[in-house]
1. Between the helical axis of 31-40 and the dominant principal axis of the chain, each derived from Cα atoms, what acute angle in degrees is found, rounded to the nearest 10?
2. State to the nearest 20 debye the size of the charge dipole of the chain about its Cα centre, where the only charges are +1 on K and R beta carbons and -1 on D and E beta carbons.
3. Using 7 Å Cα-to-Cβ label points, what is the Cys80/Glu47 separation (nm, one decimal)?
4. Ignoring any ligand, DNA or RNA, what whole percent of the accessible area of segment 1-46 comes from carbon and sulfur when the probe is 1.4 angstrom?
5. Which order do Phe73, Phe12 take by accessible area at a 1.4 Å probe, largest first?
6. Using only DSSP helix segments of four residues or longer, with each worth -39500 (n - 2.57), what per-residue ellipticity at 222 nm results for the chain after dividing by its residue count and rounding to 500?
7. Return one whole number: the accessible area per residue of the chain in Å², for a 1.4 Å probe.
8. Specify whether the C-alpha gyration tensor of segment 54-142 places it in the rounded, prolate or oblate class, a ≥ b ≥ c being the square roots of the eigenvalues: rounded for a/c under 1.5, otherwise prolate if a/b is larger than b/c and oblate if not.
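The values are calculated or read from the model by the stated rules, or taken from the named source; none is laboratory data. Note that this is a predicted model, so its numbers are computed, not measured. Don't worry about glycine lacking a Cβ; one is built from the backbone with ideal geometry, like all the others, and counts go over all protein chains shown. These area figures cover heavy atoms from the full protein model, side chains too; ligands, DNA and RNA do not enter into them. Shrake-Rupley method; radii C 1.70, N 1.55, O 1.52, S 1.80 Å.
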Amino acid sequence: MSAPWYADGLRFACTRCGNCCQGPGPVRVSDAEIARLSRRLELEDREFRAMYTRRLRGGDVSLRETREKACVFYDPAEGCRVHSDRPLQCRTWPFWSAVVHSPERWSEEARDCPGMNRGPRYEAGHIAGTAERDGTSVSRPA
Ligand code: SF4
Ligand code: SF4
């Protein structure tokens, strides 16, 4: 197999600007993540789903957005209100399969994410492993 375009690694250090939490785009959550977030907010699983999630076409579940299209858990003053329990897709950004797919796509996303191309360099193996399980699709067979 040939080496990926990011064979020398990629740099990333989040600046906490909040752009990525202000949409657009779904924030997929798995059943286990919903259970964890429900416990955190002291809600029943079904209450949490009704209040904070919506179903996407295809069956995955996403966190809801505010009227301004931000993630329902984004606080402009404090950032993510559930940071230590945030979904996998929030933890794996920007090493999503669709983003590291090509240098063009990486550069395109970097226009809105000032954390990309700065800070520590992540090794290609780490990037490829993260991209394989990036949380951007949590669909399961019925
Ligand atoms: S857009 Fe990038 S730098 Fe800004 S909060 Fe999101 S990951 Fe961090
Ligand atoms: S769960 Fe937190 S980190 Fe993820 S999009 Fe929402 S506010 Fe941002």
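1. Result, in degrees: 60.
2. Details: 23 positive and 20 negative charges, 41 e Å.
Here the size comes out at about 200 debye.
3. So the two model labels end up 2.4 nm from each other.
4. 49 percent
5. Greatest to least solvent exposure: Phe12, Phe73.
6. Taken over the chain, the calculation gives -7500 deg cm²/dmol.
7. For the chain, the per-residue accessible area is 64 Å².
8. Cα axes put segment 54-142 in the oblate bin.
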